[in-house]
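Following: one structure in structure tokens, then a few remarks.
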Amino acid sequence: MIKERFPDTRALIFDCDGTLVDSLGLYAVAWPAGLRSTGHAMEASWYLERGGFSGDMLMDAFEQEVGQTLDRAQVMKAVWATYSAGIDSLTEITAVTAIARAFHGRLPMAVASSGPSDFVRLSLKSRGLDVLFDAIVTVEDVAAAKPAPDLFLEAARRLGVAPGDCLVFEDSIQGLQAAAAAGCKAIDVRELMEEAV
């Protein structure tokens, strides 16, 4: 299906959260726990409305809302503790991971995520997905998170393939904007998930 729709594809690049793994629910518990460590309440619904935001973008928005600068290291430590404690509940998004498994060893593949490296690598490893990819690029590796094109440009560079020859799998508006800005072709995985139902 991929090769038929995109015959010139020479590499595949996948987002992680919401694309390869269904981590939104786990983050919707972990982020409020992180903010509670500073004495602030974040509603899960507030977080869910901002799915696709990087951690810094999320903190910027929350600090603006509460009118206060928070200890981000403290917040992230608590977010990590809650996220990693719940990692066994994480599930993969089979409509997408089936594609990654099918093309493993056939095309170069990378993950490009606005998430922090520790979180992304733990998520992938927990489902045995980490071994499928030739490169894992996270927000620490680039100057700007999505919707900037940096993550996809860096992933393409590491794979040794021109961005225009890469096919991106994404679930967020920011990610699709980033793919377009990088000159990559893209599939909105929400459509794949609907087709799989």
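The values are calculated or read from the model by the stated rules, or taken from the named source; none is laboratory data. Since we're looking at a predicted model, the values are computed, not measured. Don't worry about glycine lacking a Cβ; one is built from the backbone with ideal geometry, like all the others, and counts go over all protein chains shown. Quick note on the areas: whole protein, heavy atoms, side chains included, nothing else; ligands and nucleic acids left out. Shrake-Rupley method; radii C 1.70, N 1.55, O 1.52, S 1.80 Å.
Regarding residue 112, is this residue open to solvent by less than 40 Å² (accessible area, probe 1.4 Å), at pLDDT below 95, touching a helix residue (DSSP H, G or I) at 6+ places or on another chain (Cβ under 9 Å) and over 18 Å from residue 31 (Cα atoms)?
no
Give the number of residues within region 91-125 that are assigned to a helix (DSSP H, G or I), in contact (Cβ under 8 Å) with a residue 40 or more places away in the chain and either of a type in the set (S, T, N, Q) or more than 23 Å from residue 52 (Cβ to Cβ) (or both).
Here the count works out to 4.
Would you tally the residues in region 135-163 being surrounded by 19 or more Cβ atoms within 10 Å (Cβ to Cβ), assigned to a loop (DSSP other than H, G, I, E, B) and either touching a residue at least 40 places away in the same chain (Cβ under 8 Å) or among the small types (Gly, Ala, Ser) (or both)?
Of the residues in region 135-163, 3 are surrounded by 19 or more Cβ atoms within 10 Å (Cβ to Cβ), assigned to a loop (DSSP other than H, G, I, E, B) and either touching a residue at least 40 places away in the same chain (Cβ under 8 Å) or among the small types (Gly, Ala, Ser) (or both).
What is the one condition in (1) open to solvent by less than 80 Å² (accessible area, probe 1.4 Å); (2) closer than 19 Å to residue 151 by Cα that residue 47 does not satisfy?
(2)
Of everything in region 1-23, what is within 19 Å of residue 151 (Cβ to Cβ), open to solvent by 20 Å² or more (accessible area, probe 1.4 Å) and touching a strand residue (DSSP E or B) at 6+ places or on another chain (Cβ under 8 Å)? Give them in sequence order.
10 - this is the single residue of region 1-23 that is within 19 Å of residue 151 (Cβ to Cβ), open to solvent by 20 Å² or more (accessible area, probe 1.4 Å) and touching a strand residue (DSSP E or B) at 6+ places or on another chain (Cβ under 8 Å).
Find all pairs meeting these conditions: Cβ atoms under 8 angstrom apart; at least six residues apart or on different chains; first residue within region 169-197 and outside any strand (DSSP E or B); second residue open to solvent by 70 Å² or more (accessible area, probe 1.4 Å).
The qualifying pairs are 171/190; 174/53; 182/153; 196/94.
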